[in-house]
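Worksheet: one structure, shown below.
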């Protein structure tokens, strides 16, 4: 049985749990510039603190331990530490030459953790999602208010960057490609084109998950789409699931998850922040409070995969996982024309 088939089988039986915030957990280690550099990069000229993806090379044990904490909390799916690990974002740190290595090592670390926990309990297999972030550029909007026709990146450049990242993630052993925190649908289309091209070339059936982000109370992505419009733009892509993550807390995500659940003919996902950040950029919502809000998603039958984004710790994931056990997964509607 292929991994794709096995995941679909599980999703039809129960709600699956995706992990919480890698960045939040890394912050708890209070790593300094020296720790980010490690021995290998101790003499480079640029500052690298904040380049969390680099830790897959310089502090792999930290990343492994974080994965294990989320698995211990009940996560079925863990995400690789590769949110910004493509050439577009790594250009900020002058580390574009490390794209393949970072993604390959990140996949191996997550694979090790997932396999260890699957071996402990084969009845609860654990899966690795290769995390593919949106980059720090937008293909739909101009960053120059005086030149609305200007674009800082092209579709072709995004496809090339995503392809390089995804090939390395697959080589490292991921089970899923997760294109997440999408604020610009055109960026996501480039990522989807890249992975589908790779699948055609290799004959792979690796499942693809899509997760957008609603940026504010308008209920739209940064590039202006409602959840339903976002789904319509992605629905052609032979995807496993679609949903939303980040930006909003669970309470503010309610109408948007409901909207996607009503129109999508694939599995649906939700992994919100632990509330909205306070004036210090911290997230105050407790595991119990967040789980109680998320319970509405479960009770109403809106989701197949649930978890957490910014501010969520293993304690949040454990609380959410306990709630998920009480409810049946969303029934995917049949596609009819």
Revision key, fill the gap. By my count, helices (runs of 4 or more DSSP H) wholly in segment 11-61 with at least 2 residues that are touching a residue at least 40 places away in the same chain (Cβ under 8 Å) are 22-27, 55-58
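If you go through segment 179-201, how many residues are out of contact with any helix residue (DSSP H, G or I) (no Cβ under 8 Å at 6 or more places or on another chain) and assigned to a helix (DSSP H, G or I)? Before you say what the answer is, go through the steps one by one.
So in segment 179-201, the residues out of contact with any helix residue (DSSP H, G or I) (no Cβ under 8 Å at 6 or more places or on another chain) come out as 180-181, 183-184, 196, 199-201.
Next, from what is left, pick out any that are assigned to a helix (DSSP H, G or I): 196, 199-201.
Result for segment 179-201: 4.
Okay, residues lined up against (1) within 17 Å of residue 105 (Cβ to Cβ); (2) under 25 Å from the mean Cα position of the chain (by Cα); (3) surrounded by 14 or more Cβ atoms within 10 Å (Cβ to Cβ):
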| position | (1), (2), (3) |
| --- | --- |
| 4 | no, yes, yes |
| 9 | no, yes, no |
| 13 | no, yes, no |
| 16 | no, yes, yes |
| 21 | no, yes, yes |
| 27 | no, yes, no |
| 41 | yes, no, yes |
| 50 | no, yes, yes |
| 54 | yes, yes, yes |
Check your understanding: Hey, among 32, 74, which residue is farther than 25 Å from residue 315 by Cβ and at pLDDT 95 or above?
Key -> 32
**Study point:** Output for segment 160-190, where each listed residue is surrounded by fewer than 19 Cβ atoms within 10 Å (Cβ to Cβ) and closer than 24 Å to residue 226 by Cα
**Key:** 186
Point to revise | Residue match in segment 97-119 (condition: surrounded by fewer than 22 Cβ atoms within 10 Å (Cβ to Cβ), without any contact (Cβ under 8 Å) to a residue 60 or more places away in the chain, out of contact with any helix residue (DSSP H, G or I) (no Cβ under 6 Å at 6 or more places or on another chain) and in a loop (DSSP other than H, G, I, E, B)) | key: no
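Confirm whether residue 64 is in contact with a helix residue (DSSP H, G or I) (Cβ under 8 Å, 6 or more places away or on another chain), modelled with pLDDT of 95 or more, in a helix (DSSP H, G or I) and more than 24 Å from residue 318 (Cβ to Cβ). Spell out how you get there, then give the answer.
Numbers: in contact with a helix residue (DSSP H, G or I) (Cβ under 8 Å, 6 or more places away or on another chain): yes; modelled with pLDDT of 95 or more: yes; in a helix (DSSP H, G or I): yes; more than 24 Å from residue 318 (Cβ to Cβ): no.
It is false that residue 64 is in contact with a helix residue (DSSP H, G or I) (Cβ under 8 Å, 6 or more places away or on another chain), modelled with pLDDT of 95 or more, in a helix (DSSP H, G or I) and more than 24 Å from residue 318 (Cβ to Cβ).
Do we find that residue 82 is surrounded by 19 or more Cβ atoms within 10 Å (Cβ to Cβ), touching a helix residue (DSSP H, G or I) at 6+ places or on another chain (Cβ under 8 Å), part of a loop (DSSP other than H, G, I, E, B) and at positive phi in this structure?
Working: surrounded by 19 or more Cβ atoms within 10 Å (Cβ to Cβ): yes; touching a helix residue (DSSP H, G or I) at 6+ places or on another chain (Cβ under 8 Å): yes; part of a loop (DSSP other than H, G, I, E, B): yes; at positive phi: no.
So residue 82 does not fit the description; no.
The values are calculated or read from the model by the stated rules, or taken from the named source; none is laboratory data. Predicted, not measured: the structure shown is a model, and the values here were computed from it. Cβ: placed from backbone, ideal geometry, glycine included. Neighbour counts: every protein chain shown.
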